[in-house]
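Right, one structure below, let's go through it.
The values are calculated or read from the model by the stated rules, or taken from the named source; none is laboratory data. All figures in this text were calculated on a predicted structure; none of them were measured in a lab. Note: ideal-geometry Cβ built from the backbone for every residue, glycine included; neighbour counts use all protein chains shown. Accessible surface areas use protein heavy atoms only, side chains included; no ligands, DNA or RNA. Shrake-Rupley method; radii C 1.70, N 1.55, O 1.52, S 1.80 Å.
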Amino acid sequence: MIRHDWEKDELLSLYKMPILELIFKSATVHRQFNNPSELQMCHLISIKTGGCSEDCKYCSQSSRYTTSVKAQPFMKIEEVIKRAESAKSKGATRVCLGSAWRQIRDSKQFDEILKIVKTIDKMGLEVCCTLGMLNEDQAKKLKDAGLYAYNHNLDTSDKYYKQIITSRSYEDRLKTLSAVREANISVCCGGIIGLGEKVEDRVRLIQTLSSFNPHPESVPINRLIPIKGTPFGEKKQVSIWDLIRTIAVAKISMPRSMIRLSAGREKMTSAEQSLCFLAGANSIFIGEKLLTAPNKNLDQDEELFKTLDLQPRRSFKVPS
Ligand code: SAM
Ligand code: DTB
Ligand code: SF4
């Protein structure tokens with residue numbers, strides 16, 4: 001049932017199916033592994049914002065571009081915990097800590113992150129971190145502190161990657177992912193659509209992710225939020241149908257993975273989001289901000305849960 005040998009052409013023909021047939025197919029797969037009425041609410045906390053040395057062409061936090069995001073000092077521990085508590089009280093069962101770093105350095109700040117991870121884990125929440133590249137020793141320290149998952153996206157296909165980022169390689173990303181897996185940390189790895197990539201690149205990314213054994217437990221699908229001042233600031237939004245197709249193919253090929261409808265939800269209607277959930281997306285980020293970009297407000301999400309009769313998904317739930 002779970003395959004790691006999906007071929008590009010197979011995935012491409014799925015991607016190109018008549019959309020309603022594709023949604024029906026992925027919805028059917030989704031139901032075999034998950035309760036389709038459940039949606040996990042996650043919350044992002046940007047503990048170190050801006051001033052990043054990398055040149056990711058989509059990112060508001062790269063110091064190479066002039067955007068409206070100003071570099072902020074490292075957030076105070078108490079402030080981070082307060083944010084996590086507030087997210088929990090609103091139904092979030094997973095908290096993701098992000099930092100605008102190329103890589104983790106063994107530093108006072110890393111020690112503080114270990115403390116934060118320990119505290120949030122004790123609150124019964126899944127803790128995820130996205131701190132850039134790391135080595136096996138750092139992964140082990142995070143695991144020992146109680147880290148549940150680590151997010152590190154491949155973003156796009158290996159071929160197209162160089163058009164997006166030049167300051168690190170696909171190989172570097174894969175190395176970090178393997179250090180995360182080695183340390184027995186749950187893997188969160190996905191990508192972005194709308195970077196000017198071809199459909200073949202989206203399919204190739206999904207092929208790479210589905211070739212991992214085990215599959216990443218979590219696959220965030222981001223729709224580019226064009227950020228003024230970045231090289232991709234003027235990119236046209238990809239259609240909702242492309243987003244749904246990407247979600248559906250990811251779900252069919254990685255049925256046990258949580259598919260997270262991540263960046264780009266702010267401008268989506270309830271009906272558009274519903275189709276994403278039907279196609280297999282089963283997680284959203286809640287709160288008015290993602291890392292730096294705006295997100296839906298809590299009232300809108302509460303209304304969405306009510307309208308669609310959705311249940312919040314508890315933490316640490318593993319699909320059947
Ligand atoms: N610095 C770390 C890194 O790059 O691994 C972690 C933070 S980074 C902001 C996390 C992910 O957010 C990126 O890999 C990318 O997929 C997504 N992302 C960043 N900016 C985005 C944007 N403008 N639109 C959509 N997704 C975005
Ligand atoms: C992921 O794939 N998407 C989230 C999370 N992982 C860290 C981040 C989205 C960031 C959107 C742009 C911003 O807020 O700056
Ligand atoms: Fe830095 Fe991450 Fe943004 Fe790239 S995506 S510029 S590594 S914060």
Of (1) free of Cβ contacts under 8 Å to residues at least 24 places away in the same chain; (2) within 13 Å of ligand 1 (Cβ to nearest atom); (3) open to solvent by 10 Å² or more (accessible area, probe 1.4 Å), Ser178 fails just (2)
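Within segment 38-64, can you find the residues that are assigned to a loop (DSSP other than H, G, I, E, B) and more than 9 Å from ligand 1 (Cβ to nearest atom)?
Of the residues in segment 38-64, the ones assigned to a loop (DSSP other than H, G, I, E, B) are 49-51, 53-61, 63-64.
Hits for segment 38-64 are Thr49, Gly50, Gly51, Ser53, Asp55, Lys57, Ser63, Arg64.
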Candidates Thr93, Thr119, Thr67, filtered to the one that is at pLDDT 95 or above and under 30 Å from Glu303 (Cβ atoms)
Thr93
Among the listed residues Ile225, Ile221, Ile206, Ile192, which satisfies the condition of being farther than 27 Å from Ala145 by Cα, at pLDDT 95 or above, under 17 Å from the mean Cα position of the chain (by Cα) and open to solvent by 40 Å² or more (accessible area, probe 1.4 Å)?
Ile225
Condition broken by Thr307, with the remaining ones in (1) assigned to a loop (DSSP other than H, G, I, E, B); (2) of a type in the set (Val, Ile, Thr); (3) over 30 Å from Thr66 (Cα atoms) satisfied
(1)
Please verify whether segment 91-109 includes one or more residues that are over 30 Å from Ala279 (Cα atoms), surrounded by 15 or more Cβ atoms within 10 Å (Cβ to Cβ), in contact (Cβ under 8 Å) with a residue 12 or more places away in the chain and more than 21 Å from the chain's Cα centre (by Cα).
yes
When Asn34 is evaluated against the numbered criteria (1) more than 27 Å from Val199 (Cα to Cα); (2) modelled with pLDDT of 95 or more; (3) not acidic (Asp, Glu), which criterion, by number, is the only one it fails?
(2)
Of a type outside the set (A, V, I, L, M) and in contact with an Asp or Glu (Cβ under 7 Å, 6 or more places away or on another chain) - does that describe any residue in segment 39-56?
no
Across segment 265-293, what is the number of residues that are under 24 Å from Ser89 (Cα atoms), touching a strand residue (DSSP E or B) at 6+ places or on another chain (Cβ under 8 Å) and in contact (Cβ under 8 Å) with a residue 12 or more places away in the chain?
15
Listed by first then second residue, the pairs whose first member lies in segment 55-72 and is under 16 Å from Thr130 (Cβ atoms), whose partner is among the β-branched types (Val, Ile, Thr) and within 9 Å of ligand 2 (Cβ to nearest atom), with beta carbons under 6 Å and at least 6 positions apart or on separate chains, are Ser60/Val69; Ser60/Ile227; Ser60/Thr292; Gln61/Val69
Among residues of segment 250-267 being touching a Lys or Arg at 6+ places or on another chain (Cβ under 8 Å) and not hydroxyl-bearing (Ser, Thr, Tyr), the residue most open to solvent (accessible area, probe 1.4 Å) is Glu266
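If a residue has to be under 22 Å from the mean Cα position of the chain (by Cα), surrounded by 14 or more Cβ atoms within 10 Å (Cβ to Cβ) and not aliphatic (A, V, I, L, M) to count, how many in segment 7-52 make the cut? Write out each step before concluding.
Restricting attention to segment 7-52, the residues satisfying the condition of being under 22 Å from the mean Cα position of the chain (by Cα) are 11, 15, 23, 26-27, 29-31, 33-52.
Of the ones still in play, those that are also surrounded by 14 or more Cβ atoms within 10 Å (Cβ to Cβ) are 11, 15, 23, 26-27, 29-30, 33-36, 38-52.
From the residues that got through so far, the ones that are not aliphatic (A, V, I, L, M) too are 15, 26, 30, 33-36, 38, 40, 42-43, 46, 48-52.
Result for segment 7-52: 17.
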Would a scan of segment 176-187 turn up a residue that is touching a strand residue (DSSP E or B) at 6+ places or on another chain (Cβ under 9 Å) and at pLDDT below 95?
no
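Being part of a loop (DSSP other than H, G, I, E, B) and farther than 16 Å from His43 by Cα is the filter here, so list the residues in segment 76-101 that pass it.
So the first thing to find is which residues in segment 76-101 are part of a loop (DSSP other than H, G, I, E, B), and the list is 76, 90-93, 100-101.
Those that are part of a loop (DSSP other than H, G, I, E, B) and farther than 16 Å from His43 by Cα: Lys76, Ala100, Trp101.
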